Amino acid sequence: MKEIQILDKTFTEFISEKEISDRIDMLAEQINNDYKGREVVFLGILNGAFLFAAELFKRINIKAKISFVKLASYEGTKSSGTIKELIGWNEDIKNQEIIVIEDIVDTGVTLERIVDELVIRKVSGIKVATLLFKPDAFTKKIPLHYIGFNIPNNFVIGFGLDYDGYARNLPSIYTLKNK
Ligand code: 5GP
């Protein structure tokens, strides 16, 4: 069993590079079929989704564009505390079919924020592709159309996902080692 130490924690390999690659092949095939003859804009959510977005997008053969946005936290001037704002929009996405690309959907709070913004921007359709999904942590009712892997509610790293900024470059996915 492959193990890796990142800062103060030990992680064990959970999903191999090959398993990830094979799964992304399948998701891309599904998307290529579902959107045959149509145009789509992929919207990758930074930072975590950059690797998944690149691997998925390479396999897409329909007419497609890709763009990235980031959720930035800043301290609000009101007592409400931290506000999350989506930054980096540079495409006019009105009337476009959108596929949101997420690295992981946990509670779904982040995804809800993104979907709300897409609705405001009057896109014509929204689907969601996520590499990982934690069904036990999900609190929203947003449909997820393309799921790589359903995983337990444990902390994972690698393939774009970080621990304190590190480990995004790991080619496979690791989970916290049981003590
Ligand atoms: P949500 O808003 O769905 O609760 O969480 C989404 C964000 O939390 C993800 O985009 C990711 O940045 C972070 N996150 C949630 N679960 C994990 C995890 O197991 N590992 C890592 N590295 N990040 C996570």
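Between Asp162 and Asp22, full extension at 0.36 nm per residue minus the direct alpha carbon distance yields a gain of 48.2 nm.
For the chain, with every protein chain kept in place, what is the accessible area per residue (1.4 Å probe, Å²)? Let's see the in-between values first.
Values: 9710 Å² over 179 residues.
That works out to 54 Å² per residue.
Quantify, in whole percent, the carbon and sulfur part of the accessible surface of region 14-65 (1.4 Å probe; protein heavy atoms only).
Details: 1320 of 2640 Å².
About 50 percent, which is the carbon plus sulfur part of the accessible surface.
The residues packed around Arg113, meaning those with a beta-carbon under 10 Å from its beta-carbon, carry a net charge of -3 if Lys and Arg are +1 and Asp and Glu are -1.
So for region 97-179, Kirkwood radius off the Cα pairs, Stokes-Einstein at 20 °C and 1.002 mPa s: how many µm² s⁻¹?
156 µm²/s
What is the Cα centroid distance between region 90-134 and region 22-49, reported in whole angstrom? Centre-to-centre (Cα) distance: 12 Å. Under a model in which nothing but the beta-carbon of Lys, Arg (+1) and Asp, Glu (-1) is charged, region 15-67 shows a dipole of about 280 debye around its Cα centre. Relative contact order for the chain: 24 percent, from Cα pairs under 8 Å spaced at least 6 residues apart, divided by residue count. Computed about the Cα centre, the dipole magnitude for region 14-115 is approximately 300 debye when only Lys and Arg (+1) and Asp and Glu (-1) carry charge, each at its Cβ. Placing a label point 7 Å from the Cα of Ser124 along the Cα-to-Cβ direction, the residues of region 23-56 whose backbone N falls under 14 Å from that point are 35-41.
If only the Cβ of Lys and Arg carry +1 and only the Cβ of Asp and Glu carry -1, the dipole of the chain around its Cα centre is close to 320 debye. Positive-end ranking of Tyr146, Thr130, Ile93 along the dipole of the chain, with charges on Cβ about the Cα centre, is headed by Ile93. Taking trypsin sites (Lys or Arg not before Pro) across region 98-136, the ones in a DSSP loop with at most 12 further Cβ atoms lying within 10 angstrom of their Cβ are Lys122. When you filter the trypsin sites (Lys or Arg not before Pro) in region 128-176 for DSSP loop state and at most 15 other Cβ atoms inside 10 Å of their Cβ, you are left with Lys140, Lys141.
For region 1-73, the set of trypsin sites (Lys or Arg not before Pro) satisfying both a DSSP loop assignment and a count of at most 11 other C-beta atoms within 10 Å is given as Lys2, Lys36, Arg38.
Pick out, from Ile31, Leu176, Ile104, the residue whose Cα sits farthest towards the positive end of the charge dipole of the chain, with +1 on the Cβ of Lys and Arg and -1 on the Cβ of Asp and Glu. The Cα lying farthest towards the positive end belongs to Ile31.
The values are calculated or read from the model by the stated rules, or taken from the named source; none is laboratory data. Since the structure is predicted, the reported quantities are computational estimates derived from the model, not experimental observations. Heads up, the Cβs are rebuilt from the backbone with ideal geometry, glycines too, and the neighbour counts pull from every protein chain shown. Note: areas computed on protein heavy atoms with side chains; ligands, DNA, RNA excluded. Shrake-Rupley method; radii C 1.70, N 1.55, O 1.52, S 1.80 Å.
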